[in-house]
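A short write-up of the structure that comes next.
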Amino acid sequence: MRPELLSNPKFASLRKIKIGVVRGGLSAERGISLRSGRAVTRAFRRMGVSAFPVDPADREVFSRKVRKADILFIALHGKGGEDGVLQKMLERKHLLFTGSPSRACAKSFDKGISKRHFEKLGVPTPDYAILDKKNWRKVAAAFPVPYFAKPLDGGSSQGVFLVEDFRRSAEKLKRAVLRFGRFLIEKKVAGRELTAGLLGDLRLPVVEVKPSRPFYDYKAKYTKGMTTYEVPAKIPAKVAKKIQAIAYRVYRGLGLKGFSRVDVMLDQKNRPYVLEVNSIPGLTEFSLLPKAAQAIGISFEELCLRVLWDAYEQKRKK
């Protein structure tokens, strides 16, 4: 148990509350969300705080259970969790929850929308185009290779693939567009893959991911031993601060709250390019945000408490 964290006067009011940990859902990221939710639930219980899991996959049970919670800790990844749909419903019911409001979630979840916001904020991001059923062949054939093809509204690198020759990948691109309706293609930036986390207004150390596979795909993310991590990343201090500043600009500019993670490519001239932003970063044993927090002495339990407290602070300010 870590009850000493609750001896901090800042967190004292959290001792007697009931926390509903929202995880699971029906998206393709259900499995990862269940793992995140399990880790968060166990963390609160280790501190002696009442926490119970809530799964929106069963709507009837979900509606009953959320009413028993004083606050909902959202560890729901993918559609239904990071797209703002759940948050909008909770806002209408005036229920307290952690993380970002519905509008900010919607802006960050759709990569096409978030790309436009990056441009408005003056944030560097790789060149991109959006394919649809009418234009996909013409646009994809003209776009300079190599490039990545990505679902607009997916996470955990699911459905992402590299295009090095249009003709060889044409059928795969066609199937992707037919399946999703719209699809993003994005210039491949050669360099180092980094991520910058935010915990409230605290800028966490930049992390470098080094996958053993060609890129940081789903298998590399969630298979033990397939990726090594440098925390903090071994990059010049000036570059690290620049990446942290860019991540914070994205966080504030999109209206995100509580916590987030901004993924970045650093090219061979140490120029950063923002790939995407995660409004509900993973909270599993492989996840990047807890690794970054741990590097500056913030335990997983304290991380969860800080996210929870941020939601209470927002309520108090209102």
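The sole residue among Lys79, Lys65, Lys107 that is in contact with a strand residue (DSSP E or B) (Cβ under 8 Å, 6 or more places away or on another chain), of a type in the set (D, E, K, R) and surrounded by 15 or more Cβ atoms within 10 Å (Cβ to Cβ) is Lys65.
Among residues belonging to the range 97-133 that are more than 20 Å from the chain's Cα centre (by Cα) and of a type outside the set (Phe, Trp, Tyr), point out the one that is farthest from Leu14 (Cα to Cα). Checking each candidate, the answer is Lys133.
Has the range 99-111 got any residue that is modelled with pLDDT under 90 and touching a helix residue (DSSP H, G or I) at 6+ places or on another chain (Cβ under 8 Å)? Before you say what the answer is, go through the steps one by one.
Quick first cut of the range 99-111, residues modelled with pLDDT under 90 only: none.
Scanning the range 99-111, I find no residue that is modelled with pLDDT under 90 and touching a helix residue (DSSP H, G or I) at 6+ places or on another chain (Cβ under 8 Å), so the answer is no.
Select from the range 88-140 the residues that are small (Gly, Ala, Ser) and either in a loop (DSSP other than H, G, I, E, B) or touching a residue at least 60 places away in the same chain (Cβ under 8 Å) (or both) and list them in ascending order. Across the range 88-140, the qualifying residues are Gly99, Ser100, Ala104, Ser108, Gly112, Ser114, Gly122.
Under the condition of being touching a helix residue (DSSP H, G or I) at 6+ places or on another chain (Cβ under 8 Å) and more than 28 Å from Glu302 (Cβ to Cβ), which residue from the range 243-271 is surrounded by the most Cβ atoms within 10 Å (Cβ to Cβ)?
Narrowing the range 243-271 to residues touching a helix residue (DSSP H, G or I) at 6+ places or on another chain (Cβ under 8 Å): 250, 253-262, 264, 266, 270.
Right, trim to more than 28 Å from Glu302 (Cβ to Cβ) and you get 266, 270.
Values: Leu266: 22, Asn270: 14.
Here the answer is Leu266.
Among the residues in the range 116-125, are any under 22 Å from Glu186 (Cβ atoms), hydroxyl-bearing (Ser, Thr, Tyr) and crowded, with 18+ Cβ neighbours inside 10 Å? Yes, some residue in the range 116-125 is under 22 Å from Glu186 (Cβ atoms), hydroxyl-bearing (Ser, Thr, Tyr) and crowded, with 18+ Cβ neighbours inside 10 Å. Of the strands (runs of 3 or more DSSP E) contained entirely in the range 149-201, those carrying at least 1 residues that are charged (D, E, K, R) fall at 182-187, 191-199. Residues that are closer than 26 Å to Ile32 by Cα and among the charged types (D, E, K, R) are absent from the range 128-147.
Of the set (1) within 21 Å of the chain's Cα centre (by Cα); (2) free of Cβ contacts under 8 Å to residues at least 12 places away in the same chain, all apply to Arg59 but (1).
Each row is one residue, and each column tells you yes or no for (1) over 18 Å from Ile280 (Cβ atoms); (2) modelled with pLDDT under 95; (3) among the charged types (D, E, K, R); (4) out of contact with any helix residue (DSSP H, G or I) (no Cβ under 8 Å at 6 or more places or on another chain).
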site: Pro151; (1), (2), (3), (4): no, yes, no, no
site: Gly154; (1), (2), (3), (4): no, yes, no, yes
site: Ser157; (1), (2), (3), (4): no, yes, no, no
site: Val177; (1), (2), (3), (4): yes, yes, no, no
site: Thr195; (1), (2), (3), (4): no, no, no, no
site: Leu199; (1), (2), (3), (4): no, no, no, no
site: Arg203; (1), (2), (3), (4): yes, no, yes, no
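Can you tell me how many residues in the range 221-264 are aliphatic (A, V, I, L, M), out of contact with any Leu (no Cβ under 6 Å at 6 or more places or on another chain) and assigned to a strand (DSSP E or B)? Here the count works out to 1.
A count restricted to the range 284-306 and to residues that are under 17 Å from Gln244 (Cα atoms) and charged (D, E, K, R) stands at 1.
The values are calculated or read from the model by the stated rules, or taken from the named source; none is laboratory data. All values derive from a computational prediction rather than experimental measurement. Heads up, the Cβs are rebuilt from the backbone with ideal geometry, glycines too, and the neighbour counts pull from every protein chain shown.
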